[in-house]
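J.: What follows is a single structure, and I will ask about it in a moment.
The values are calculated or read from the model by the stated rules, or taken from the named source; none is laboratory data. Computed from a prediction, not measured in an experiment: that's the story for all the values here. Cβ sites come from the backbone with ideal geometry, for glycine too, and all protein chains shown count toward neighbours. Note: areas computed on protein heavy atoms with side chains; ligands, DNA, RNA excluded. Shrake-Rupley method; radii C 1.70, N 1.55, O 1.52, S 1.80 Å.
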Amino acid sequence: MFALITTLTVSSTPLSMSPPAAALNHKGAGAAVVSDVDSLLIEGQSNYNHGRYKEALELFEQAKGLGTTSDYQSAELQLGLAESYRVLGQYKKAEELFKKVISEAQEEDAKHLNKKYRAGVKHTSDLVPLMMNDLSILYISQSRFPEAEAVLDNCIELGIKKVGPKSVNLALPMNALTRLYLKWGKFDLALAENDKTLALFNTPALKNNWLYAYTSFNMAELLNHRGEYQKAEKLYKAALLGVQDLFGFDHEYCSVVLEPLGDMYRQEGRFADATRAFQRVRKIRETAFSREHPDYGKALLNLALVNRDEGKYAAAEEFCRQATAVIVEALGENNVRTAECWIANASISRYQGRYSDAEQLARKALELDQKLLEPDHPTVAHDMVELANILEDEGKDAEAEKLLNNALQICKTKLGPDHPDIAAITDSLARMLAMRKEYDKACVMYRSSLVLAEKSLGKESTQVVQISRELAQTLVADQKYTDAEPLLKSILELDEKLYGKKSPELACDLESLAEVYSSEDKKNLAVLLIAQAAEIKNALPGAAAVSKLTSVALKENAARDRTASDKWAIVIGISNFKDPSINLKYAAKDATDFRNFLVLQENFSADHVQLLTDANATRNNIISKLGDGWLGHRAGKDDLVVVYVSSHGSAAQEDVGVNFLIAHDTDKDKLVSTGLPMQWLTKIIQEQVHSNRVVLILDVCHSGSAAYDTKKSSGRAASESDFIDSDDKGGKGIVRGHGLDLSNLSLGSGQIVLCSSLADQVSWESKHYPNSVFTRRLIEALQCKGKDTTLSQAYEHLKDAVGAEVLSDRGAVQSPNLSNKNWTGGDPVLSTPVASHHGVGRK
């Protein structure tokens, strides 16, 4: 049965029960009589197949109470009971029953081995492969991989005795074994087993078989795990075509292939393709099962995740709510799949910067999985990682690190030392340590992660390059140039093989090696590499704007000569707009993270920082907070003021010659009357905020679901009405005609403006974490020289870090820009202590 693909896919519910012998006299007498037990079996299996597991269990138990009329009927009934126990989370009952019925069937099988069966008469031995498969599924769901392997090996050995070593029928348990190795992370064994399975299909006629489609599907999964997405996509589609030819376009087995294909599209940022795949999965499962089936709930959860990644949070939350309702109704609240819904919902809240909600949901999911599963189950480890990510965003690094270490130990114990999940957790720990400048510890973690990635994915994989690049960056930050040089040379070799000699990735790593050569006083070599990188970069999007970049002149460390009397900040971030067609992805989270950074790291009093996100960041509310409503009433001339904005920014409008920032309630077609003019913003700060030191930070060309249609804007000034929905295959960026040109912006006295990108450039979001590259790197840069890092020092670090990440991940050029006019007090240090926090009001 092709349904075994479903049973061995983690996210799907098993559907591998055999058809009941409805019209079979189990005594072999030949009379086609349907007994009461048979009727209950038929109805029970129908309920099972439609996800009504509680009802199915009741019917099987009723049938058991009537008594069975044959060994086969008894085995079939026990199999139905065991499967129902398993999907309802009653694992101990299920395991005991599986073992009992397998033992009884094998005893019966021994009586008939090498004997000729009468046509039309079934024996319990016919069910042994199916029973063993279902028991292996139970073990896999509990990460008891060695036990699952032993069961499947036994099944294959039995099959060889029955049908011989070259029978295509062996493809069923062999494919199941391949799926086990994929889940176990033993990709070399998975490939070897898949090759053996393919060898069974040695004629064209044999390939017209669902088992061949199953084998192709497994190979696609293997390529997906390795990051070979184009090859994987071809095989997924080939497997899908095979299934459609054999079973029909809307058969449930199509959803089995489509689900991981859609998830691969989601991981690649191909959101439109992912949505189409998941919508088809939902439609198939609604038709094949019902809207009450937990697999239909899983289809909804898939749609929630792709909407989350696309920044469509309202839709994501609604899909997640519906999925949770379906799964709770079908399986009850105390079920691991309910916990999966809570974790997904936690991530949706996290991506919007709603950390309190996210933390509560993640802790709830972790507690449930710890109760239902073993404390050292890999699912528990996954929950710990998700919770750790939230805690890290909140600045609770100590607890986050503890959770990551606990998760790492669980995975090492339960999954084995070479599982790719271990490499991912180790990499997360390394990044955390590097952020804290614990470079030696971070390098140890990166090297460990690199070894694991090379073992599981091969030395020539994109993941290996990424980890190597992060290790090299850490070595450079620690000034260990001798160690970084050979590593960067090896990365350049991989760049050429994987991406080509004119690739952005190669340009990025050429610049990194040039930096090492410069530090080693190998200037001539550095110059050659910089020229080679520049040749590549000049052909990339955003490169033309770099010529407009102007340098900033600030007196280094002069801020120490003049202590700030107090410090104030307004932090604005809008992901969810009144007009959802222009929603952004991480703008609210970026603002929340920057607010937390100011309070936790930069010595800003919590009550001196106003955070405005989403519906609170209306045009009137922003104006009020900047003016006499809050900041204008409090900040004095000797205070340091920071204003951070993460939203859309428009190009200069042709009729009014003004750039606009987009508030929550801005009408994109009426910017002049509903937007926030940038020139006006700097003016109101000058007139109403009585401070001579104002730092304005703009992350205003943000990633998201809207895009600027350059075809519409050809030959005229850009208009915000040209925003359209798009699917950005390169990642998660918003593409607009122009960025904010600071050279055309009139700054007031004592104002500095730091912008995320130049005019005609795009500001990108990261592929590796839910933030814009600019804001995450800004937070790092403001600590690059410790607590006394000046804004100029941070800017020099920031522009290099942003440029490198965007170049390697997005194949584009992004250049943050710093501009000032009549700044007083020297190069500012945002973390500078204040003279006093006593009293509130103008000085």
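J.: Evaluate the following for residue 364: is it free of Cβ contacts under 8 Å to residues at least 12 places away in the same chain and either open to solvent by less than 10 Å² (accessible area, probe 1.4 Å) or over 20 Å from the mean Cα position of the chain (by Cα) (or both)?
T.: no
J.: Counting only residues that are open to solvent by 10 Å² or more (accessible area, probe 1.4 Å) and either in contact with a strand residue (DSSP E or B) (Cβ under 7 Å, 6 or more places away or on another chain) or within 24 Å of residue 589 (Cα to Cα) (or both), how many does segment 276-308 have?
T.: The number of residues fulfilling the criteria is 3.
J.: Now, a different point. So which residues in segment 325-336 are assigned to a helix (DSSP H, G or I) and open to solvent by less than 30 Å² (accessible area, probe 1.4 Å)?
T.: Across segment 325-336, the qualifying residues are 326, 327, 330, 331.
J.: Collect the residues in segment 309-337 that are of a type outside the set (A, V, I, L, M, F, W, C) and modelled with pLDDT of 95 or more, keeping them in residue-number order.
T.: Listed by number, the residues that qualify are 317, 318, 321, 322, 324.
J.: Just one of (1) part of a loop (DSSP other than H, G, I, E, B); (2) modelled with pLDDT under 90; (3) out of contact with any Asp or Glu (no Cβ under 9 Å at 6 or more places or on another chain) trips up residue 604, so point out which.
T.: Going through the list (1) part of a loop (DSSP other than H, G, I, E, B); (2) modelled with pLDDT under 90; (3) out of contact with any Asp or Glu (no Cβ under 9 Å at 6 or more places or on another chain), residue 604 breaks only (2).
J.: Out of everything in segment 141-150 that is open to solvent by 20 Å² or more (accessible area, probe 1.4 Å) and either small (Gly, Ala, Ser) or at pLDDT below 90 (or both), what residue ends up being farthest from residue 377 (Cα to Cα)?
T.: 150
J.: When the residues of segment 771-796 are narrowed to those that are open to solvent by 10 Å² or more (accessible area, probe 1.4 Å) and under 26 Å from the mean Cα position of the chain (by Cα), which ends up nearest to residue 595 (Cα to Cα)?
T.: Selected residue: 779.
J.: Enumerate the helices (runs of 4 or more DSSP H) found wholly within segment 5-93, keeping only those where 1 or more residues are farther than 27 Å from residue 282 by Cα and at pLDDT below 85.
T.: Fully inside segment 5-93 and qualifying: 71-87.
J.: From the list 126, 134, exactly one residue is in a helix (DSSP H, G or I) and modelled with pLDDT under 80. Which is it?
T.: 126
J.: Mind listing whichever residues of segment 46-75 are within 21 Å of residue 251 (Cα to Cα) and open to solvent by 60 Å² or more (accessible area, probe 1.4 Å)?
T.: 52
J.: Just to check your reading of the model, which residue among 600, 640 is in contact with a strand residue (DSSP E or B) (Cβ under 6 Å, 6 or more places away or on another chain) and either farther than 28 Å from residue 769 by Cβ or in contact (Cβ under 8 Å) with a residue 40 or more places away in the chain (or both)?
T.: Residue meeting the stated conditions: 640.
J.: List every residue pair whose Cβ atoms lie under 7 Å apart, where the two residues are 6 or more positions apart in sequence or sit on different chains, the first residue falls within segment 421-450 and is in contact (Cβ under 8 Å) with a residue 24 or more places away in the chain, and the second residue, located anywhere, is not in a helix (DSSP H, G or I).
T.: 421/185; 439/478
J.: Restricting attention to segment 440-457, report how many residues are under 21 Å from residue 785 (Cβ atoms) and surrounded by fewer than 19 Cβ atoms within 10 Å (Cβ to Cβ).
T.: So the count comes out to 2.
J.: How many of the residues making up segment 468-486 are open to solvent by less than 50 Å² (accessible area, probe 1.4 Å), closer than 17 Å to residue 430 by Cα and part of a helix (DSSP H, G or I)?
T.: Counting residues in segment 468-486 that are open to solvent by less than 50 Å² (accessible area, probe 1.4 Å), closer than 17 Å to residue 430 by Cα and part of a helix (DSSP H, G or I) gives 9.
J.: Sticking with this one: Are any residues in segment 186-238 open to solvent by less than 60 Å² (accessible area, probe 1.4 Å) and small (Gly, Ala, Ser), and if so, which ones?
T.: 190, 192, 213, 216, 220, 227, 232, 238
J.: Surrounded by fewer than 18 Cβ atoms within 10 Å (Cβ to Cβ) and closer than 25 Å to residue 126 by Cα: does that describe residue 153?
T.: yes
J.: Taking the stated definitions as given, is residue 630 at pLDDT below 80, under 23 Å from residue 614 (Cβ atoms) and either surrounded by fewer than 24 Cβ atoms within 10 Å (Cβ to Cβ) or in contact with a Gly (Cβ under 7 Å, 6 or more places away or on another chain) (or both)?
T.: For residue 630, the condition - at pLDDT below 80, under 23 Å from residue 614 (Cβ atoms) and either surrounded by fewer than 24 Cβ atoms within 10 Å (Cβ to Cβ) or in contact with a Gly (Cβ under 7 Å, 6 or more places away or on another chain) (or both) - is not met.
J.: When only residues in segment 438-467 that are modelled with pLDDT under 90 and not in a helix (DSSP H, G or I) count, which is nearest to residue 766 (Cα to Cα)?
T.: Within segment 438-467, the match that is nearest to residue 766 (Cα to Cα) is 461.
J.: Okay, next question. Residue by residue through segment 161-188, note down the ones that are part of a helix (DSSP H, G or I) and either in contact with a Lys or Arg (Cβ under 8 Å, 6 or more places away or on another chain) or more than 17 Å from residue 211 (Cα to Cα) (or both).
T.: Residues satisfying the conditions are 161, 162, 174, 181, 182, 183, 184, 187, 188.
J.: Oh, and also: I'm told residue 250 meets every condition in (1) among the acidic types (Asp, Glu); (2) modelled with pLDDT under 95; (3) part of a helix (DSSP H, G or I) except one. Can you identify the failing condition by its number?
T.: Condition not satisfied by residue 250: (3).
J.: Looking at segment 757-800, which of its residues are of a type in the set (Ser, Thr, Tyr) and touching a Cys at 6+ places or on another chain (Cβ under 6 Å)?
T.: Within segment 757-800, 757, 763 qualify.
J.: Residue check, residue 393 against (1) under 16 Å from the mean Cα position of the chain (by Cα); (2) crowded, with 23+ Cβ neighbours inside 10 Å, all met but one. Which one?
T.: Going through the list (1) under 16 Å from the mean Cα position of the chain (by Cα); (2) crowded, with 23+ Cβ neighbours inside 10 Å, residue 393 breaks only (2).
J.: Something else: Could you tell me which residue of segment 740-758 is nearest to residue 540 (Cα to Cα), considering only residues that are of a type in the set (A, V, I, L, M) and modelled with pLDDT under 75?
T.: Looking at residues that are of a type in the set (A, V, I, L, M) and modelled with pLDDT under 75, I get 740.
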